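Here's the structure we're looking at; comments come further down.
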Amino acid sequence: MTQNTKSPGGVAGKQRPRVVISGGGTGGHIFPALSIADILRERLDADILFVGAEDRMEMTRVPDAGYPIIGLPVAGFDRKKIWRNFGVLVKLFKSMRRSRKIIKDFKPDIAIGVGGYASGPMLKAAQKAGVPTLIQEQNSYAGVTNKLLGGKADKICVAYDRMERFFPADKIVKTGNPIRKSLLDSSKTARQARESFGLAPERKTILVVGGSLGALTINESLEAGVKKIVDDGIQLIWQTGKNFGNRGPLAAKGLKGVVVTPFISDMASAYRAADVVISRAGAGSISELQNLGKPAILVPSPNVAEDHQTHNARALSDRGAAILVTDAEARQILVDKAISLIKEPEAIEKMAKEISAMALPCSDAMIADEVVKIIYPQK
């Protein structure tokens, strides 16, 4: 193990370990990565370095959280316009070279991959250099990169059952996906949360979230159906994302009981205000819904690798923990499904019970346990 005599600490008198955490691209990758970093810093006094993709959101979110980050010029493959991938290959080559330099300079004791473009070259470089690696596979259907890396990984932390389809069974540990602690720390009641948004405290409320950019299909479904929702006596908190412009406010103009915003800063209150949540089916969002016990209608994005969001959503819908509405049918049935569900308290209660049963609390601590076992194996 690398010795760093400047800052002793860690476990059982060992010296301060060095940890590389790679990946990002979306909040669903970044929030779990930061949760893992926080607990490793707290428990081990770890020296942590993030590695992300140069043009992705982690390059600002990670420094804002107090961690250093190095960017790689890596990009995803264009599956539709194959001729564009020459430039992608050049970026991949440069990223591999930079990853090898990071390993040489930083000398990590472990490299953790959380998914996203940067995770592949960084973990590959670590494995070639003999550095232990841990993969945090967030989805129910593993991506190509993680499947390729899984054979040489020391441990693979997953959130769903039956992941031995993709990885060696003896390396898998089910930990779930870490979520933002702020979501669990709120003490507001549903009534108080609704009041904080200027809504009536006693009325049924739907929360619609589509990510920081927004989900066009979900937004257009709400755009066409927002009046119908209000006419049924239901309130709405509608997070449109920044790409929907002023279409949301225009659709809701003159309607009472509707909050339309491109971004929600207090997601803990938004979740608590909601009786039903409409969301994409990213792994991070699903883990939040599970830990908070929120009945949900999931509209998987069709624009993701291996159609993993549909697999995520089906893992819940198959056991009655959520309703799956495909992107193709959302404009026709999404609003009606939401109205119908919110009028059935017994169905909501049953769904809340099922989705809560899928939650794995303290995921960050469980992942940290695996990191400790790898860095400090019992002799």
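Hey, how many Å between the Cα centroid of the range 264-333 and the Cα centroid of the range 344-379? Taking the Cα centre of the range 344-379 as reference, the centre of the range 264-333 is 17 Å away. Summing charges over neighbours of residue 193, with a neighbour being any other residue whose Cβ is under 9 Å away from its Cβ, gives +2 when K and R count +1 and D and E count -1.
Rank by packing, highest mean first: peptides 197-209, 41-53, 339-351, with packing defined as the count of other Cβ atoms within 10 Å averaged across residues. Present the calculation step by step, with values, prior to reporting the outcome.
Details: 197-209: 18.5, 41-53: 22.2, 339-351: 15.3.
Descending mean neighbour count gives 41-53, 197-209, 339-351.
A simple rule links phi to the HN-Hα coupling: the Karplus curve 6.51 cos²θ - 1.76 cosθ + 1.60 with θ = phi - 60°, which for the range 158-172 gives 10, 10, 10, 6, 6, 7, 5, 4, 10, 10, x, 4, 6, 9, 8 Hz, with x for Gly and Pro.
Amide H contacts of residue 278 (H built 1.01 Å from N, in plane; Pro and chain starts excluded): 207, 208, 209, 297 sit under 5 Å, all sequence-distant by 5 or more or on other chains. Rolling a 1.4 angstrom probe over the protein heavy atoms with all chains in place gives the chain an accessible area of 46 Å² per residue.
Rounded to the nearest 20 debye, what is the charge dipole size of the chain about its Cα centre when +1 sits on each Lys and Arg Cβ and -1 on each Asp and Glu Cβ? Numbers along the way, then the final one.
Numbers: 54 positive and 39 negative charges, 248 e Å.
Once rounded to the nearest 20, the dipole reads 1180 debye.
Using a probe of 1.4 angstrom, how much of the accessible area of the range 152-191 is carbon and sulfur, in percent?
Working: 1050 of 2190 Å².
Its accessible area is 48 percent carbon and sulfur atoms.
Find how many whole Å separate the alpha carbon centroid of the range 28-64 from the alpha carbon centroid of the range 165-198. The two parts, judged by their Cα centres, are 17 Å apart. Only DSSP H runs of four or more residues enter the estimate; each adds -39500 (n - 2.57), and after division by the residues of the chain the mean residue ellipticity at 222 nm equals -13000 deg cm²/dmol.
The HN-Hα couplings worked out from phi for the range 295-306 by the Karplus form 6.51 cos²θ - 1.76 cosθ + 1.60 (θ = phi - 60°) are x, 9, 10, 9, 10, x, 6, x, 9, 10, 4, 6 Hz, whole numbers, x standing for Gly and Pro.
Restricted to Cα atoms, the range 57-191 shows a radius of gyration and a Dmax of 17.0, 55 angstrom.
Ignoring ligands, DNA and RNA, what percent of the accessible area of the range 213-362 is carbon or sulfur (1.4 Å)? The computed percentage sits at 51.
For log10 I(q)/I(0) by the Debye sum over Cα atoms at q = 0.14 Å⁻¹, the value computed from the atomic coordinates appears in the list (i) -1.18; (ii) -1.31; (iii) -1.42 under label (i).
Once neighbouring chains are kept in place and the probe is 1.4 Å, which whole percent of the accessible area of the range 13-66 is contributed by carbon and sulfur?
On the way: 850 of 2010 Å².
Using a 1.4 Å probe with all protein chains present, the range 13-66 comes out at 43 percent carbon and sulfur.
Identify the residues of the range 215-232 with backbone N under 17 Å of a label point that sits 7 angstrom from the Cα of residue 243 along the Cα-to-Cβ direction, or state none. Only 215-223 pass the distance filter.
The values are calculated or read from the model by the stated rules, or taken from the named source; none is laboratory data. Owing to the predicted nature of the structure, the values given are computational and were not obtained by experimental measurement. Note that we place each Cβ from the backbone using ideal geometry, even for glycine, and neighbour counts take in every protein chain shown. SASA here: full protein model, heavy atoms, side chains in, ligands and nucleic acids out. Shrake-Rupley method; radii C 1.70, N 1.55, O 1.52, S 1.80 Å.
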